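Visitor: I have a structure I would like to understand better, so I am pasting it below and will then ask my questions one at a time.
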Amino acid sequence: MNTRWKRGRRLEKATKKEYRLENLSCANCAMKFENNIKSLANVEEAIVNFGASKVAVIGNVTVEDIEKAGAFDGIKVAPLKQRKQETTPFFKRKENVVTAISFLFLVIGIVVSFMYEETHPLAIGLFVIAIVVGGYDMFKSGLLNLSRFYFDMKTLMTIAIIGAAIIGEWREGAVVVFLFAVSEALEAYSMNKARQSISQLIDIAPPSATIRRDGQLVEIDTEFIQINDVLIVKPGQKIAMDGIVLNGASSVNQASITGEAVPVYKATGDEVFAGTLNEEGSLEVKVTKRVEDTTIAKIIHLVEEAQAEKAPSQKFVDKFAKYYTPVIIAIAFLVAIVPPLFGGDWQTWIYQGLAVLVVGCPCALVVSTPVAIVTAIGNAAKQGVLIKGGIHLEEIGRIRAIAFDKTGTLTKGYPEVTVVESENPHDLLQKVMSIETYSGHPLAQAIVKYGSEKHIHALEVENFQSITGKGAEGIVHGKKWSVGSVAWILSVSTVPSEVIARTEQLQSEGNTVMLAVEDGQYKGFIAVADPIRTTSKKVLQDLKSAGIKHTVMLTGDDKRTANAIAAKLGMTDVEANLMPEQKLTAIKALKEKYRAVAMVGDGVNDAPALAAASVGIAMGGAGTDAALETADVALMADDLEKLPYTIRLSRKALHIIKENIMFALGLKIIALLLIIPGWLTLWIAIFADMGATLLVVLNSLRLLKVHK
């Protein structure tokens, strides 16, 4: 079991405090910050979530204590519930002002060095000011790290700059300090860009709402709203809490939850979610969840936790980086010491060794994976796909076979009327609907709903009787009507042979047929079926085009119905009449053959199969706690079309992670090879390090462009 997962579970069980972090732009800094917090006297455990820019701490510790642990990088701590801060203007940020001043002295120094010479006291003085002003914070952290034998990026840079000064390379030292400051500013900007998906989620739900209490309308903060309070939501306002519509009707845009921009009509009794937009009518909503339990709150929590869970590639990079930095220091030492022992020219080779230290900074390598995962998972959440960890993001890209549950996945999951056949269809439907109004059976409700949509009104029924397993009957306009299964009606009435043949055909196509008789005389039939989703066939074709080698339907329905649905969808592999444990066995068999297998189901009935699959994908995560809890991936909009998008995103993320690692190592290897002809300079070294880091971050941001 994953160590971080176990630590995370311990944090959940114990009392913990969580805080938002500002100025956390470096993956190395996040690891150091976490270790610093753990070293505090009263801290039992701490986890820094670099992707979400958040920290969770167990222990008797204050905000001031945590900020001291992050003082080396100016990390600021804010309450978790605090809403997004106003961005500080560029020239009001201390580090940017300092960098600008450093750049001014650097430019003047360069001008003076060309007017006189680089070793002129005035030029050196200006370069020294540029170095001290621009690198003060870096030197403070670097020297402190050096005293503790902790070698991070700032430690290596500090050694390199001091070394450059010792051998008289003042101009290059000043340039490197400035470029390093610029690279950190750009990296911070890029990471903030990647994190925008979370900050946008946090700001989706309004911070306050209007509620009715004691007959009065009052506006209060959402954290003080209680279950059963009544929200008043005007047209154009966002709904602040999850709840049930008490009064009113309106179209509600649920894109913030499901990723679907098409508004959904809501009326009395319908469920609504916090953060969704009420478009046209006024609504009164009965609150059903506290602010911390709303669907959007759960999504934010799960997305942040997903970004904290390390993917396999990230674990590999972290392990590699652990040994990489000491190796770079050793190489730099050997470059500076060994060649001069044989050929002299200590200054040149010490300079080369310092350049190796600069180019060897591990920042680009360490950030190569997490920034891609942060961006991909955040983008997926905005599209209505909740991916619960980097490990699942990577695994989706390796999927070669997908198993689908039928009901609620390939089909809509509820019955609809498909055929009404009679000499007088309107009369038949009205009489049958009138009887079925008194029944709570799903098939009966499907007929009632169909009649209502046709604007047919139910008639009064006398002596209604439900006959379990067979049907129902009652007196309508003085005549006895019976509606029920083919077998039952055939036992009480005579039905034309051509009708029997027609019903058998419909049943073979997955329909349930109900015959109707009036005083023993056959009057017609109504067929009901769980209809195939309009998108299912296209999705299966898209998956095949995407390289999914095998798709299979696993269902508990009878084989005839399952085969009929499969034939319409073009699926050749069907396993029917399956109990939950048999679905589990089927998944295990698929894994033996294809290794990476996904299971798509409703997150409740298919729980064993979802758990056994390489990736469990739940349909309809919005409002379904079971789907959010049991699956590795939840399609929030109950939209199967998001599945090909998710696979494309995952494969793109895998591709970009590999590119990032190649960029991070490739540029450094090329720069290190310049040692052989003696071409490696501090300028080239800092450009290689800065270039690799920016390439990695900007390359990862391409994942924001992957859409459905």
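Visitor: Which of the residues spanning the range 632-650 are open to solvent by less than 10 Å² (accessible area, probe 1.4 Å) and among the charged types (D, E, K, R)?
Guide: The one that is open to solvent by less than 10 Å² (accessible area, probe 1.4 Å) and among the charged types (D, E, K, R): 642.
Visitor: Are there strands (runs of 3 or more DSSP E) fully within the range 438-529 with at least 2 residues that are touching a helix residue (DSSP H, G or I) at 6+ places or on another chain (Cβ under 9 Å) and either within 15 Å of residue 418 (Cβ to Cβ) or hydroxyl-bearing (Ser, Thr, Tyr) (or both)? List them.
Guide: Working: elements: 462-467, 471-476, 479-485, 512-518, 521-529.
Fully inside the range 438-529 and qualifying: 512-518, 521-529.
Here's the yes/no breakdown for (1) in contact (Cβ under 8 Å) with a residue 12 or more places away in the chain; (2) over 27 Å from residue 380 (Cβ atoms); (3) crowded, with 17+ Cβ neighbours inside 10 Å; (4) in contact with a strand residue (DSSP E or B) (Cβ under 8 Å, 6 or more places away or on another chain):
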| site | (1), (2), (3), (4) |
| --- | --- |
| 203 | yes, no, no, no |
| 210 | yes, yes, no, yes |
| 223 | yes, yes, no, no |
| 227 | yes, yes, no, yes |
| 241 | yes, no, yes, yes |
| 245 | yes, yes, yes, yes |
| 268 | yes, yes, no, yes |
| 275 | yes, no, yes, yes |
| 283 | yes, yes, yes, yes |
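Visitor: Within the range 543-564, which residues are more than 30 Å from residue 650 (Cα to Cα), open to solvent by less than 40 Å² (accessible area, probe 1.4 Å) and of a type in the set (Gly, Ala, Ser)? Talk me through it step by step, then tell me what you get.
Guide: The first filter runs over the range 543-564 and keeps only residues more than 30 Å from residue 650 (Cα to Cα), leaving 556-564.
Filter once more, keeping what is open to solvent by less than 40 Å² (accessible area, probe 1.4 Å): 561-562, 564.
Passing the criteria: 562, 564.
Visitor: Continuing with this model, one more query. Among the residues of the range 339-365, count how many are surrounded by fewer than 24 Cβ atoms within 10 Å (Cβ to Cβ), of a type in the set (A, V, I, L, M, F, W, C) and part of a loop (DSSP other than H, G, I, E, B).
Guide: 0
Visitor: Then there's this: Those residues that are in a helix (DSSP H, G or I) and open to solvent by 10 Å² or more (accessible area, probe 1.4 Å), I need them from the range 382-409; list them, please. Explain how you work it out, then say what you get.
Guide: Filtering the range 382-409 down to residues in a helix (DSSP H, G or I) leaves 382, 390-396, 406-409.
Hits for the range 382-409 are 382, 391, 392, 395, 407, 408.
Visitor: Something else: So, in the range 659-708, exactly how many residues are over 23 Å from residue 374 (Cβ atoms) and outside any helix (DSSP H, G or I)?
Guide: Result for the range 659-708: 8.
Visitor: How many residues does the range 410-437 hold that are part of a loop (DSSP other than H, G, I, E, B) and either in contact with a helix residue (DSSP H, G or I) (Cβ under 9 Å, 6 or more places away or on another chain) or within 30 Å of residue 610 (Cα to Cα) (or both)?
Guide: Residues in the range 410-437 being part of a loop (DSSP other than H, G, I, E, B) and either in contact with a helix residue (DSSP H, G or I) (Cβ under 9 Å, 6 or more places away or on another chain) or within 30 Å of residue 610 (Cα to Cα) (or both): 5 in total.
Visitor: Same structure again: In the set 512, 494, which member is open to solvent by 10 Å² or more (accessible area, probe 1.4 Å), under 29 Å from residue 409 (Cα atoms) and hydroxyl-bearing (Ser, Thr, Tyr)? Break it down into steps so the answer makes sense when it comes.
Guide: On the way: 494 fails: under 29 Å from residue 409 (Cα atoms).
Result: 512 is the single residue among 512, 494 that is open to solvent by 10 Å² or more (accessible area, probe 1.4 Å), under 29 Å from residue 409 (Cα atoms) and hydroxyl-bearing (Ser, Thr, Tyr).
Visitor: Quick check: is even one residue across the range 542-550 part of a helix (DSSP H, G or I), more than 24 Å from residue 490 (Cα to Cα), hydrophobic (A, V, I, L, M, F, W, C) and at pLDDT 90 or above?
Guide: Yes - at least one qualifying residue is present in the range 542-550.
Visitor: Further, regarding this structure: May I ask you to list the residues in the range 518-540 that are β-branched (Val, Ile, Thr) and surrounded by fewer than 21 Cβ atoms within 10 Å (Cβ to Cβ)?
Guide: From the range 518-540, those β-branched (Val, Ile, Thr) are 526, 528, 532, 534-535, 539; that's our starting set.
532, 534, 535, listed by residue number.
Visitor: Are there any pairs, at least 6 apart or on different chains, whose C-beta atoms fall under 8 Å, with the first in the range 19-36 and under 19 Å from residue 182 (Cβ atoms) and the second at pLDDT 80 or above and open to solvent by 40 Å² or more (accessible area, probe 1.4 Å), and if so, which?
Guide: Sorted first by the residue in the range 19-36, then by its partner, the pairs are 23/76.
Visitor: Right, next: Going by the structure shown, is residue 124 open to solvent by 40 Å² or more (accessible area, probe 1.4 Å), farther than 30 Å from residue 36 by Cβ, among the aliphatic types (A, V, I, L, M) and touching a residue at least 60 places away in the same chain (Cβ under 8 Å)? Lay out the reasoning, then the answer.
Guide: Values: open to solvent by 40 Å² or more (accessible area, probe 1.4 Å): yes; farther than 30 Å from residue 36 by Cβ: yes; among the aliphatic types (A, V, I, L, M): yes; touching a residue at least 60 places away in the same chain (Cβ under 8 Å): no.
Criteria not met by residue 124.
Visitor: Can you find even one residue in the range 410-421 that is crowded, with 18+ Cβ neighbours inside 10 Å, of a type in the set (S, T, N, Q), within 25 Å of the chain's Cα centre (by Cα) and modelled with pLDDT under 90? Let's see the steps before the verdict.
Guide: Here is the first cut: in the range 410-421, the residues crowded, with 18+ Cβ neighbours inside 10 Å are 410-411, 415, 417-418, 420.
Subset that is of a type in the set (S, T, N, Q): 411, 418.
Going one step further and asking which of them are within 25 Å of the chain's Cα centre (by Cα), we end up with none.
Checked the range 410-421: no residue is crowded, with 18+ Cβ neighbours inside 10 Å, of a type in the set (S, T, N, Q), within 25 Å of the chain's Cα centre (by Cα) and modelled with pLDDT under 90.
Visitor: Now a separate question. Tell me whether the range 478-497 contains one or more residues that are at pLDDT 90 or above, farther than 19 Å from residue 432 by Cα and not acidic (Asp, Glu).
Guide: Checked against the condition, which is being at pLDDT 90 or above, farther than 19 Å from residue 432 by Cα and not acidic (Asp, Glu), the range 478-497 yields at least one hit.
Visitor: Sticking with this structure for a sec: For the range 59-71, how many residues meet the condition of being outside any strand (DSSP E or B), open to solvent by less than 30 Å² (accessible area, probe 1.4 Å) and farther than 28 Å from residue 94 by Cβ? Before the answer, list the steps.
Guide: Of all residues in the range 59-71, those outside any strand (DSSP E or B) come to 60-71.
With the extra rule that they be open to solvent by less than 30 Å² (accessible area, probe 1.4 Å), the set shrinks to 61, 66, 69-70.
In the following step, the residues that additionally are farther than 28 Å from residue 94 by Cβ were identified as none.
Counting residues in the range 59-71 that are outside any strand (DSSP E or B), open to solvent by less than 30 Å² (accessible area, probe 1.4 Å) and farther than 28 Å from residue 94 by Cβ gives 0.
Visitor: Let me ask you something else. Looking at the range 555-582, which of its residues are part of a helix (DSSP H, G or I), under 15 Å from residue 405 (Cβ atoms) and free of Cβ contacts under 8 Å to residues at least 40 places away in the same chain? Steps first, answer last, please.
Guide: Just the residues of the range 555-582 that are part of a helix (DSSP H, G or I), to begin with: 559-569, 580-582.
Within this subset, residues satisfying the condition of being under 15 Å from residue 405 (Cβ atoms) are 561-562, 565-566, 569, 580-582.
Scanning the range 555-582 gives 566, 580, 581, 582.
Visitor: Could you check the range 430-479 and list, in sequence order, the residues that are touching a residue at least 12 places away in the same chain (Cβ under 8 Å) and of a type in the set (Asp, Glu)?
Guide: 436, 460, 462, 473
Visitor: I'm checking my understanding of the structure. Among residues of the range 72-86 that are within 25 Å of the chain's Cα centre (by Cα) and modelled with pLDDT of 55 or more, which one is surrounded by the most Cβ atoms within 10 Å (Cβ to Cβ)?
Guide: 77
Visitor: Could you check the range 676-708 and list, in sequence order, the residues that are open to solvent by less than 40 Å² (accessible area, probe 1.4 Å) and under 23 Å from the mean Cα position of the chain (by Cα)?
Guide: Hits for the range 676-708 are 696, 697, 699, 700, 701, 703, 706.
Visitor: Taking only the range 247-262 into account, find how many residues are closer than 26 Å to residue 381 by Cβ and either more than 22 Å from the chain's Cα centre (by Cα) or in a strand (DSSP E or B) (or both).
Guide: Initially, the range 247-262 is screened for residues closer than 26 Å to residue 381 by Cβ, giving 250-262.
Still in the running and either more than 22 Å from the chain's Cα centre (by Cα) or in a strand (DSSP E or B) (or both): 250-253.
Of the residues in the range 247-262, 4 are closer than 26 Å to residue 381 by Cβ and either more than 22 Å from the chain's Cα centre (by Cα) or in a strand (DSSP E or B) (or both).
Visitor: If you don't mind, another one. Considering only the range 34-58, how many residues are under 17 Å from residue 22 (Cα atoms) and not in a strand (DSSP E or B)?
Guide: Residues meeting the conditions: 7.
Visitor: Take the residues in the range 131-157 that are more than 15 Å from residue 184 (Cα to Cα) and among the polar types (S, T, N, Q), then tell me which one is least open to solvent (accessible area, probe 1.4 Å).
Guide: 145
Visitor: Among the residues of the range 115-153, count how many are over 17 Å from residue 358 (Cα atoms) and touching a helix residue (DSSP H, G or I) at 6+ places or on another chain (Cβ under 6 Å).
Guide: 9
The values are calculated or read from the model by the stated rules, or taken from the named source; none is laboratory data. Being a predicted model, the structure only gives us computed values, none of them experimental. Cβ coordinates were reconstructed from backbone atoms using ideal geometry, including for glycine residues, and neighbour counts include every protein chain displayed. In case anyone asks, the SASA skips ligands and DNA or RNA and just uses the protein heavy atoms, side chains included. Shrake-Rupley method; radii C 1.70, N 1.55, O 1.52, S 1.80 Å.
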